[in-house]
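Have a look at the structure below, then the notes.
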Amino acid sequence: METQKKITEEESLLKGTNFGSLDYRPGSPDVHLVILPGNGRSISSLLFPLPSGFFHRSLSCLRSPQTFSHSHQPRSLPFRVETLKSGTEGYNADVTVVTYGQSGKQSDDRSKIRILIGFGQHSRELITSELALRIVLILTEEQFLPGIDQGSLNSTLENLVIKVVPLENLNGRKLVEAGELCERRNGRRVDLNRNWGIDWGRKETNSTWFTCQPETQIMREVATSFSPHIWVNVHSGTVALFMPYDHKKSTPDGLPSQRTRALIEELNKVHCHGRCKIGSGGASVGYLAHGTATDYMYDVVRVPMSFTFEIFAGDKTLEEDCFKMYNPVDQTTFERVLNQWCATLLALFKLGPREFDMHSTNNR
């Protein structure tokens, strides 16, 4: 199997990027949403005609090609965008990775807590990539979450390096944009959350081998090179704070698992008001899932805190309306979901690092 990979990087040091106004340009198949900074450059993505017109199209277009600033923002924000490319047997995939908080000095970065968050693994779950974009805007101080003390958040972020993958499954997303609203798989019709080399091949897979998909290969490389302390795989379809395992009805033994459980219980109490499902995904969703990213991150990459967050539960009676099952269709619910789960992720940024002893070489 031949794999080609090309990494291109667009590096910038943001000083609070002033995006300015939103410019909607209807009248074509790709309706542009242009976020305009002071110099008029576009750094966001596209809109497309779906049942809810406030969803963006491809967040792979998110980029920061230049250094932007505005006078009231004195603090420099390290911010990098990479596009990683991989291909096998004529099938190619691009995955965009947004990194916040790197100083440029490896010794400084290795002393920080590293967090990796993946969105858009299942292509029909558009709301997850919207959450990714909102988090990026909050990190760059272009949007502010109500009730969040910005000074306290800035202090938290100084000790973190955060990698955000806004849209893991771009090829599958294109199928959804073309009208296949129930499609969750990639462009090869393979479920990327059943393609990881952990308890793989029991069922629910139509791939020839684990980690055979370019998207999975890219994500594995990102994870192994970054070596995160915290991993979050963001989905929709229910409302939950899951920890390993997905492939069995139990959670791992030991202190790290106990700490993870205590953390999701606190997040559930504060941000889900006790309404989120918590614990092992395998014990909570009614079926076992084999070859999932979160189980792989925990058992193979050895990420001490590995989570799956499920951020929206639509109407399950609408089995033929997949869009409504996995995504909000009114602006009020859309904003509520984004605000709730932005707050949950920001709480994770604050509470998660408290569970780690940075003087220890192995928290597992």
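Read-outs: derived from the displayed coordinates by stated rules, not from any lab. This is a predicted model, so every value here is computed, not measured. For neighbour counting, all protein chains shown are included, and Cβ atoms are generated from backbone atoms with ideal geometry for every residue, glycine included.
Per-structure values
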item: Protection proxy ranking, peptides 236-246, 153-163, average beta carbon neighbours within 10 Å, highest first; result: 236-246, 153-163
item: Ratio of Rg to Rh over the range 243-296 (Cα coordinates, Kirkwood Rh, two decimals); result: 0.98
item: Whole-angstrom Cα spans of the range 135-179 along principal axes, big to small; result: 43, 23, 13
item: Relative contact order (percent, whole number), the range 260-364, Cα cutoff 8 Å, 6+ residue spacing; result: 24 percent
item: Share of Cα-Cα pairs in the range 194-302 lying beyond 25 Å, as whole percent; result: 22 percent
item: Global geometry of the range 233-364, whether rounded, prolate or oblate, following the gyration tensor of its Cα atoms and the 1.5 cut on a/c; result: oblate
item: Highest average packing first - 288-294, 92-98, Cβ atoms within 10 Å; result: 288-294, 92-98
